[in-house]
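K.L.:
Quick one: the structure is below, questions incoming.
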Amino acid sequence: MKESKAVCPYCGVGCRITARVEGDAVREVFADKNDLPNRGLLCQKGAFLHKIFHGKERLAHPMLRRNRDGAHERVSWDTALSFVAEKIHSLRKEFGPDAFGFYGSGQLDTEASYLFTKLMKGALGTNHMDTNSRLCMASAATAYAKAFGSDGPPTCYDDIEEADVFFVMGANMAVNHPVLFQRLRARRSSNPATRLIVLDPRLTKTAEAADLHVPLAPGSDVAFLLLLSKKILELGRANADFIASHTTGFSEFKNLLESIDAAAEKKLLAVCGITPGLLARAVFHFEKPAKLLSFYCQGLNQSTHGVDNNLALINLHLMLGQIGRPGSGPFSLTGQPNAMGGREVGYLSHQLPGYRFVENAAHRSEMENLWGLPVGHIHPKPGMSAVPLFESMREGRMKAVWIACTNPVASMPEGEKIKDALRRCELVIAQDCHHPTETTLFADVLLPAAQWGEKIGTMTNSERLVSRSQKLCEPPGEALPDWQIAALAGQALGFSGFSFKDAGEVWDEIRSVTRGRPCDLHGMTNPRLEAGPIQWPCADENGPGKARLYTDFRFPNPDGRARFIATPYRPPAEWAETDHPLLLTTGRVYSQWHTRSRTGKIAELDRLDPEPFIEIHPSDAERYQVEDKAWIRLVGKRGTCAGKARVTENIREGVLFMPFHWGDLFHPETNVNDLTSSATDPFSRQPELKLAAVRVEAM
Ligand SMILES: Nc1nc2c(c(=O)[nH]1)N[C@H]1C(S)=C(S)[C@@H](COP(=O)(O)OP(=O)(O)OC[C@H]3O[C@@H](n4cnc5c(=O)[nH]c(N)nc54)[C@H](O)[C@@H]3O)O[C@H]1N2
Ligand SMILES: Nc1nc2c(c(=O)[nH]1)N[C@H]1C(S)=C(S)[C@@H](COP(=O)(O)OP(=O)(O)OC[C@H]3O[C@@H](n4cnc5c(=O)[nH]c(N)nc54)[C@H](O)[C@@H]3O)O[C@H]1N2
Ligand code: SF4
Ligand SMILES: [Mo]
């Protein structure tokens, strides 16, 4: 039996795993107590990782369908990639650079994300490349950049052991970042003076563990944060020294808070759907100086005012001076295992590697230099983000798309529109380790990817910790690591700069393009990463990484200061009305991962939550004659969706909750994204997946 180290491929906690391998079989996985960041802990999804190799429906060979009515036939890699290259060149020649786009994933490792970025934005000179991070981290990344001058969480997990008050907003950590939440619980039991405040329309497992749960109405976070900040200001708790020395924009923020008179306060409380008493109980926890650590995720990000939600929370931290010191800071929880690494190498349509931006002329010229491209080759405008990318396919403008490591037919809002988009596309390429998925069914070309454990790859977790995963076993058939598929594609398209002998060589190039940047990976040589994970920035090959950012209170904005950005309350894109009187919000359960292509095939996990359900408050159940465990249909403005009713007092009256795990391969009527909306945040372009108006019908 051999032991090898890997990183869990599910959530952004980024747990390190030791795998016991016998021959080519992964026998068991466990966590070593000396390994960071999880110190011996794993959740159930991580603990059953050895079972993902037994899953059925693996895609093991390249497959091609030359016409849509025919079946996929097995072909060689050469045939598949020459077919793809020829088609892409001819479509671009005929219809221009908008004819081809790429849609990737925060589950690709950094090596693959980088090479696809280099292929699209560098070699092909198009920024029409986006990823599922647009549905996930875009609002958080945009807000960090607006406030501090750069993306990147300033905090680290060790802050948990230093914090006094935990403020968890729009995140169900007990379910979605379980190992981190265990650490938070441990801190609370060893130090009972610490406080946990949870803001969520549902009494989640996370909220159950809290000192105070505020069951605010969906979409009301800015309203709540304005009220909270106003009361804290009135208590005289603003940190005047910090504000004067290290920030700009406080007077506008203060004016906004002071403009909230008694009538406006009443209105904002009504928006939140909470009593003044509940607000007072929240304010109480801020009366004395305390180290404040805030965790937040999709409850804030997936909104038409997702950036405002983030900024409103950052404003609170700046006002209290709660950043850059141990135990404090606004900590954006990363969803996917490598949504951080992908951003570091510029995989969203407005980014370039090294936290550079497409719109910045100096950044473009630096990348042209590093990539050996002619001056002016990189397109100066951000490409289409996820929603418009698929919209342009539906409108017939984009003719070809390459989809890697994501299942947009099940995970994008308005699933039916995504299907239409793929039907209208002349060429759909899907790179996945499974087939069928809701998306691969629409593909002309299927490219088999090696999955976790079958390849070497590097990922960055929520706390900027960069971790290398080892190869544990061989991939099935002809499946290849994603980075290698990107490299072969670059070669097939006729570009230089795409031959690499191994993943380590790709990593060395990534180190060089992040050198001197905020997310500096230069010091992380391959041998160092083989020995263990390191946090960025790490400039020096012999120096350590950095646990916390902004400890000197200098921010990467040109004036070195952090910015207050005043955020008035704005209502969501849609709201309950006569025909659609209930508000649906969506999310996750503990045992399933997204569209279930892995967790749905592991019996031990699947049986914990085997079918789609809809949480509904007893009063609403009575009003609409819904019985517990009965199948009900939700009718929204864009479609319908069915699930089993769960009548529970754990959800606000007027609000429903349904997880998005069960796409239409499970059942043609269970995709909750047939109901969700494509309305997006004006700054981050992240869609409002957390709110749709619906009515209930019996089935
Ligand atoms: N088990 C499991 N773990 C996962 C994943 C998974 O699929 N399964 N996915 C990973 C990924 S990619 C991500 S992005 C993260 C997501 O992690 P989370 O963001 O924690 O997950 P969600 O369940 O989508 O949403 C969190 C909470 O937001 C609440 N919410 C809804 N609307 C609002 C609102 O307007 N305001 C507030 N304050 N709260 C609101 C919901 O009730 C829900 O409890 O999880 C990661 N971890
Ligand atoms: N209603 C609603 N919708 C949502 C959300 C929500 O909260 N509510 N959350 C959004 C968020 S935050 C996210 S992150 C997305 C996630 O949505 P998706 O990314 O679409 O979901 P996954 O099921 O993780 O899809 C990953 C795909 O990659 C494949 N895969 C796994 N490993 C590999 C690999 O190593 N290489 C390759 N090439 N393929 C691999 C899997 O088989 C699977 O088909 O969903 C979004 N959609
Ligand atoms: S907490 Fe996240 S990273 Fe850790 S084992 Fe569970 S799913 Fe994997
Ligand atoms: Mo996500």
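K.L.:
Would you mind stating whether ASP109 is buried (at least 24 other Cβ atoms within 10 Å of the Cβ) and closer than 26 Å to ALA503 by Cβ?
P.N.:
yes
K.L.:
Let me ask another. Give the stretch 39-50 a look and list any residue that's within 16 Å of ligand 1 (Cβ to nearest atom) and open to solvent by 50 Å² or more (accessible area, probe 1.4 Å), or say none.
P.N.:
Scanning the stretch 39-50 gives LEU41, GLN44.
K.L.:
Return the residues of the stretch 384-429 that are part of a loop (DSSP other than H, G, I, E, B) and either open to solvent by less than 10 Å² (accessible area, probe 1.4 Å) or more than 13 Å from ligand 2 (Cβ to nearest atom) (or both); say none if nothing qualifies.
P.N.:
Residues satisfying the conditions are MET384, SER385, GLU395, GLY396, ARG397, MET398, LYS399, MET412, PRO413, CYS425, GLU426.
K.L.:
Let me ask something else. May I ask you to list the residues in the stretch 110-139 that are away from ligand 4 (no atom under 16 Å from the Cβ) and among the acidic types (Asp, Glu)?
P.N.:
GLU111 - this is the single residue of the stretch 110-139 that is away from ligand 4 (no atom under 16 Å from the Cβ) and among the acidic types (Asp, Glu).
K.L.:
For the stretch 592-606, which positions are of a type in the set (S, T, N, Q), open to solvent by 30 Å² or more (accessible area, probe 1.4 Å) and assigned to a helix (DSSP H, G or I)?
P.N.:
Correct list: empty.
K.L.:
Ok, one more. Run down ARG74, ARG65 and say which single residue is surrounded by fewer than 19 Cβ atoms within 10 Å (Cβ to Cβ) and in contact (Cβ under 8 Å) with a residue 60 or more places away in the chain.
P.N.:
Being surrounded by fewer than 19 Cβ atoms within 10 Å (Cβ to Cβ) and in contact (Cβ under 8 Å) with a residue 60 or more places away in the chain holds for just one of ARG74, ARG65, which is ARG65.
K.L.:
Going by the structure shown, is VAL589 touching a Pro at 6+ places or on another chain (Cβ under 6 Å) and open to solvent by less than 20 Å² (accessible area, probe 1.4 Å)?
P.N.:
Against the criterion (touching a Pro at 6+ places or on another chain (Cβ under 6 Å) and open to solvent by less than 20 Å² (accessible area, probe 1.4 Å)), VAL589 qualifies.
K.L.:
Which of the residues belonging to the stretch 256-275 are out of contact with any Pro (no Cβ under 9 Å at 6 or more places or on another chain) and either under 17 Å from ARG652 (Cα atoms) or exposed (fewer than 11 other Cβ atoms within 10 Å of the Cβ) (or both)?
P.N.:
ASP261, ALA262, ALA263, ALA270, CYS272, THR275 - these are the residues of the stretch 256-275 that are out of contact with any Pro (no Cβ under 9 Å at 6 or more places or on another chain) and either under 17 Å from ARG652 (Cα atoms) or exposed (fewer than 11 other Cβ atoms within 10 Å of the Cβ) (or both).
K.L.:
Collect the residues in the stretch 48-60 that are touching a helix residue (DSSP H, G or I) at 6+ places or on another chain (Cβ under 9 Å) and not acidic (Asp, Glu), keeping them in residue-number order.
P.N.:
Result: PHE48, LYS51, ILE52, HIS54, GLY55, LYS56, LEU59.
Yes/no matrix, rows are residues, columns are (1) more than 31 Å from the chain's Cα centre (by Cα); (2) within 16 Å of ligand 1 (Cβ to nearest atom):
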{"position": "MET1", "(1), (2)": "yes, no"}
{"position": "CYS11", "(1), (2)": "no, yes"}
{"position": "CYS15", "(1), (2)": "no, yes"}
{"position": "ASP24", "(1), (2)": "yes, no"}
{"position": "ARG27", "(1), (2)": "no, no"}
{"position": "PRO37", "(1), (2)": "no, yes"}
{"position": "GLU57", "(1), (2)": "no, no"}
{"position": "SER76", "(1), (2)": "yes, no"}
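K.L.:
Follow-up question, since we're still on this one. Only one of LEU472, LEU446, LEU465 is more than 22 Å from the chain's Cα centre (by Cα) and within 16 Å of ligand 3 (Cβ to nearest atom). Can you tell me which?
P.N.:
Only one candidate passes the filter, namely LEU472.
K.L.:
Also, I was wondering about something else. Go through ALA186, ALA141, ALA193 for me and flag whichever is out of contact with any Phe, Trp or Tyr (no Cβ under 9 Å at 6 or more places or on another chain) and either surrounded by 24 or more Cβ atoms within 10 Å (Cβ to Cβ) or of a type in the set (Asp, Glu) (or both).
P.N.:
ALA141
K.L.:
Look through the stretch 432-480, keep the residues that are open to solvent by 20 Å² or more (accessible area, probe 1.4 Å) and among the basic types (Lys, Arg), and return whichever of them is farthest from SER76 (Cα to Cα).
P.N.:
Restricting to residues being open to solvent by 20 Å² or more (accessible area, probe 1.4 Å) and among the basic types (Lys, Arg), the top hit is LYS471.
K.L.:
Quick check: anything in the stretch 45-64 away from ligand 2 (no atom under 16 Å from the Cβ), modelled with pLDDT of 95 or more and within 25 Å of THR110 (Cα to Cα)?
P.N.:
yes
K.L.:
Tell me which residues, restricted to the stretch 198-212, are surrounded by fewer than 22 Cβ atoms within 10 Å (Cβ to Cβ) and touching an Asp or Glu at 6+ places or on another chain (Cβ under 8 Å).
P.N.:
Passing the criteria: only LEU203.
K.L.:
Quick one: would you say SER303 is crowded, with 24+ Cβ neighbours inside 10 Å, within 16 Å of ligand 1 (Cβ to nearest atom) and in a loop (DSSP other than H, G, I, E, B)?
P.N.:
yes
K.L.:
Here is a further query. Only one of (1) in contact with a strand residue (DSSP E or B) (Cβ under 6 Å, 6 or more places away or on another chain); (2) under 19 Å from LYS205 (Cβ atoms); (3) assigned to a loop (DSSP other than H, G, I, E, B) fails for PHE555. Which number is that?
P.N.:
(2)
K.L.:
State whether the residues of the stretch 357-377 include one that is in contact with a His (Cβ under 7 Å, 6 or more places away or on another chain), assigned to a loop (DSSP other than H, G, I, E, B) and either within 24 Å of HIS89 (Cβ to Cβ) or open to solvent by less than 10 Å² (accessible area, probe 1.4 Å) (or both).
P.N.:
yes
The values are calculated or read from the model by the stated rules, or taken from the named source; none is laboratory data. Predicted model only: the values in this text are computed from it and were never measured. Don't worry about glycine lacking a Cβ; one is built from the backbone with ideal geometry, like all the others, and counts go over all protein chains shown. What goes into the accessible areas is simple: the full protein's heavy atoms, side chains included, and nothing from ligands, DNA or RNA. Shrake-Rupley method; radii C 1.70, N 1.55, O 1.52, S 1.80 Å.
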